[in-house]
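Participant: Before I ask anything, here is the structure I am working with.
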Amino acid sequence: MQRRNIDPQILAGIKEKMAQGLLPQWILTDPAIYELEQEKIFARTWQFLAHESELTEPGSYVTRWLVDDPILIVRTNQGEIKAYLNSCPHRGTQLCTADFGKKKTFICPYHGWSFNLNGELIGVVAGDKVYGEEMNKEEWGLRQVPRLDSYQGMIFANLDPNAPPLAEYLGDMKWYMDILLGRSDGGMEVRGIPQRWVVNTNWKLVLENFSGDPYHVQTTHRSTVELGISPKDPLYAGYGHQVVLQNGHGINVITASAPGKNDRPPYQGLPEAMWPMFERNLIREQAQVFSKTTVFVGSIYPTLSFNSPVHGSEGHLHNYLNFRLWRPLGPERVEIWSWFMIDKAAPESYKEDAYRGYISSFGPSGTLEQDDTEIWTRVAQASKGFMSRDKMLSYNNLLNYLMGFDRVQPDPSFPGPGLAYPTCYLDAIHRATHENWLKLICED
Ligand code: FES
Ligand SMILES: [Fe+2]
């Protein structure tokens, strides 16, 4: 059901430029490209829906979106997690209008049909009188999302019944997700509800920023350096490894201390009492990487990113895990969903401090968030004029993804999987992500 075609010659031209480390600017906000992305990327890849800690009891539910499809996710009485199109099969209105809650049945606000947690139609107002006793209710249950699976408590869905399994799609990203989500007894928990806000930009730009752009930190977030929140060394966000993974995924494992210096707190400043637990739950190489890392930042392609930083001052440091869903609303609009997660096993006072740190940094009004939002908006604004949208590239509208191009080789001594380059000031993830993007939009 392809909706709009891009001239194959133009696609071949994009490929040629990408092989040179260049990206045509017109693809960023082009409406025809966006239509292709909806069909070829969002409807075929695994998309994040919720974390299992948001659905603790039978009847717990949350409502989410798979781009434009409203989704209702519930925990059944049997403890299973199910996801349905949040649209009544009678006349299509949104069935559940709340963001989250707990229910035994969902009653449609239009004509009152009711559904149980397994999605079965169990009640029809005046049913026998208006549809007759022979109405087969089994035919009118809620429509299930074709594929649903989870890894380390992260629930994903896929609209393509023939998509590869989630575990295969995540590939080596699982190794890093184990560190971020599986290091503590009981795993991680979501605190509060996901905050959300809309930014006038394109989903590829925000994804790119979290996937592989530690290079922007010293300039965009200059005020944090001036306030002493971030180190003064202009190279600090580049120390560590940028790891290119399969399927467009990537992670930056930032040590934030110059090679051989090791002056940052181990295990992201998490309480020392938790360290033996990390070493018990992780394999040796994972614990080794975790102990030396200050910030993990990266993305699970296409619309989920994460950031696990360290905030606070000496003696009062805290770490948290922030997951970001970039829900595309159009070629120039993204709804950001932001979850705060923390180790279930962490002391309560630590969790509170970390939550405050998150709100003031990467929450919707956080200092770092505001810096980024303005930049992302301005990229979109500056990418839709006659010059930047010209598909023939007559105005040299090619963007630079040349950092480390052909100059930096992977470091075989890095203990984790993937192509690990010995710096995070590098466009390796960006180049791989854009190549993956092109491959997907060119597929039949
Ligand atoms: S639309 Fe739901 S009962 Fe009619
Ligand atoms: Fe930023």
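Participant: Show which lysines lie in cross-link reach of Lys15 when reach means a straight Cα distance below 20 angstrom and same-chain residues fewer than eight apart are skipped.
Facilitator: Output for Lys15: Lys40, Lys204, Lys391, Lys439.
Participant: Which value, in Å², gives the accessible area per residue of region 1-85 when a 1.4 Å probe is used on the protein heavy atoms? Spell out each step's value before the answer.
Facilitator: On the way: 3230 Å² over 85 residues.
Spelled out: the 1.4 Å probe surface of region 1-85, per residue, equals 38 Å².
Participant: Express the relative contact order of region 47-152 as a whole percentage, based on alpha carbon pairs under 8 Å and six or more residues apart in sequence.
Facilitator: 21
Participant: Let me ask something additional. Against the longest principal axis of the chain, how steep is helix 173-182, in degrees 0 to 90 to the nearest 10, with axes from Cα atoms?
Facilitator: Around 80 degrees separate the two axes.
Participant: Let me see the pair-distance distribution of region 112-257: every alpha carbon pair, 10 Å bin width, integer percents in order.
Facilitator: 8, 21, 29, 19, 11, 8, 4, 1
Participant: I need the calculated FRET efficiency for the pair Tyr215 and Asn118, taking r as the beta carbon distance and R₀ as 35 Å, to the nearest 0.05.
Facilitator: In this case the efficiency is close to 0.10.
Participant: Let me ask something else about it. Please list the radius of gyration and Dmax for region 93-187, considering alpha-carbon atoms only, with Å as the unit.
Facilitator: 19.1, 58
Participant: Further, regarding this structure: Just name one of Tyr350, Phe115, Ile71: the one whose Cα is farthest towards the positive end of the charge dipole of the chain (beta-carbon charges, Lys/Arg +1, Asp/Glu -1).
Facilitator: So the residue we want is Ile71.
Participant: Kirkwood-based Rg over Rh for region 47-152 (C-alpha set), two decimals?
Facilitator: 0.98
Participant: For the pairs Lys103/Lys351; Lys174/Lys344; Lys82/Lys103, flag any whose C-alpha to C-alpha distance is greater than 22 Å.
Facilitator: Long pairs (Cα-Cα over 22 Å): Lys103/Lys351.
Participant: Order 24-31, 201-208, 403-410 from most to least packed using the mean count of other Cβ atoms within 10 Å.
Facilitator: In decreasing order of mean packing, 24-31, 201-208, 403-410 become 201-208, 24-31, 403-410.
Participant: What GluC sites (Glu not before Pro) does region 106-169 have in DSSP loop regions with at most 14 other beta carbons within 10 Å?
Facilitator: Glu120, Glu133, Glu134
Participant: Translational diffusion coefficient, Stokes-Einstein: compute it for region 334-444 using the Kirkwood radius over C-alpha pairs as Rh, at 20 °C and 1.002 mPa s, and state it as an integer in µm² s⁻¹.
Facilitator: 116
Participant: Could you give the length gained on full extension between Lys344 and Glu139, defined as 0.36 nm per residue of separation minus the Cα-Cα distance, in nm?
Facilitator: 69.6 nm
Participant: Cα-based Rg of region 297-381 per 2.2 N^0.38 Å, rounded to two decimals?
Facilitator: 1.20
Participant: Here's another thing I want to ask about it. Okay, helix-only estimate at 222 nm for the chain: each DSSP H run of n ≥ 4 adds -39500 (n - 2.57), divide by all residues, round to 500 deg cm²/dmol; what do you get? Please report the intermediate quantities before stating the final value.
Facilitator: Values: 13 runs with 118 residues, N = 444.
Roughly -7500 deg cm²/dmol at 222 nm, from the helical runs in the chain.
Participant: For the chain, build the charge dipole from Cβ charges (+1 Lys, Arg; -1 Asp, Glu) around the Cα centre, then report which of Leu181, Ala428, Pro276 sits farthest towards its positive end.
Facilitator: Ala428
Participant: Rank Met387, Pro265, Val198 by how far each Cα sits towards the positive end of the charge dipole of the chain (+1 on Lys, Arg Cβ; -1 on Asp, Glu Cβ) and give me just the farthest.
Facilitator: Met387
Participant: Return one quarter of the surface area of the convex hull spanned by the alpha-carbon atoms of region 177-241, equal to its mean projected area, in nm².
Facilitator: Average of the hull's projected areas for region 177-241 equals 6.9 nm².
Participant: While we're on this one: Region 240-302 to region 369-400: how many Å between their Cα centroids?
Facilitator: If we compute the Cα centre of each part, the gap is 33 Å.
Participant: Distance in nm between label sites at Leu235 and Asp411, each 7 Å beyond Cα in the beta-carbon direction?
Facilitator: Calculated label separation equals 1.2 nm.
Participant: Could you work out how much longer the chain between Asn396 and Lys439 gets when fully extended? Use 0.36 nm per residue separation minus the Cα distance between them, nm to one decimal.
Facilitator: Contour length minus Cα-Cα distance gives 13.1 nm.
Participant: Further, regarding this structure: For the chain, what are Rg and Dmax over the alpha carbons, in angstrom?
Facilitator: In order Rg, Dmax, the Cα atoms of the chain give 23.0, 80 Å.
Participant: State to the nearest 20 debye the size of the charge dipole of the chain about its Cα centre, where the only charges are +1 on K and R beta carbons and -1 on D and E beta carbons.
Facilitator: 380
Participant: Please compute the per residue accessible area over region 171-442 with all protein chains in place, 1.4 Å probe, rounded to a whole number of Å².
Facilitator: On the way: 11010 Å² over 272 residues.
Dividing the accessible area of region 171-442 by its residue count gives 40 Å².
Participant: With axes computed from alpha carbons, what is the tilt in degrees of helix 367-381 against the longest principal axis of the chain, rounded to the nearest 10 within 0 to 90?
Facilitator: Taking the Cα atoms of the chain, the angle to 367-381 is about 80 degrees.
Participant: Let me ask you something else. Figure the gain on full extension for Ile193 and Glu80 (residue separation times 0.36 nm, minus the Cα-Cα span) and round it to one decimal in nm.
Facilitator: 38.5 nm
Participant: Okay, moving on. If I fit a long axis through the Cα atoms of helix 8-19 and take the longest principal axis of the Cα atoms of the chain, what angle between them do I get, 0 to 90°, rounded to 10?
Facilitator: For 8-19 against the chain, the angle is about 40 degrees.
The values are calculated or read from the model by the stated rules, or taken from the named source; none is laboratory data. None of the values given here were measured: they were computed from a predicted structure. Cβ atoms come from the backbone with ideal geometry, glycine included; neighbour counts cover every protein chain shown. Note: areas computed on protein heavy atoms with side chains; ligands, DNA, RNA excluded. Shrake-Rupley method; radii C 1.70, N 1.55, O 1.52, S 1.80 Å.
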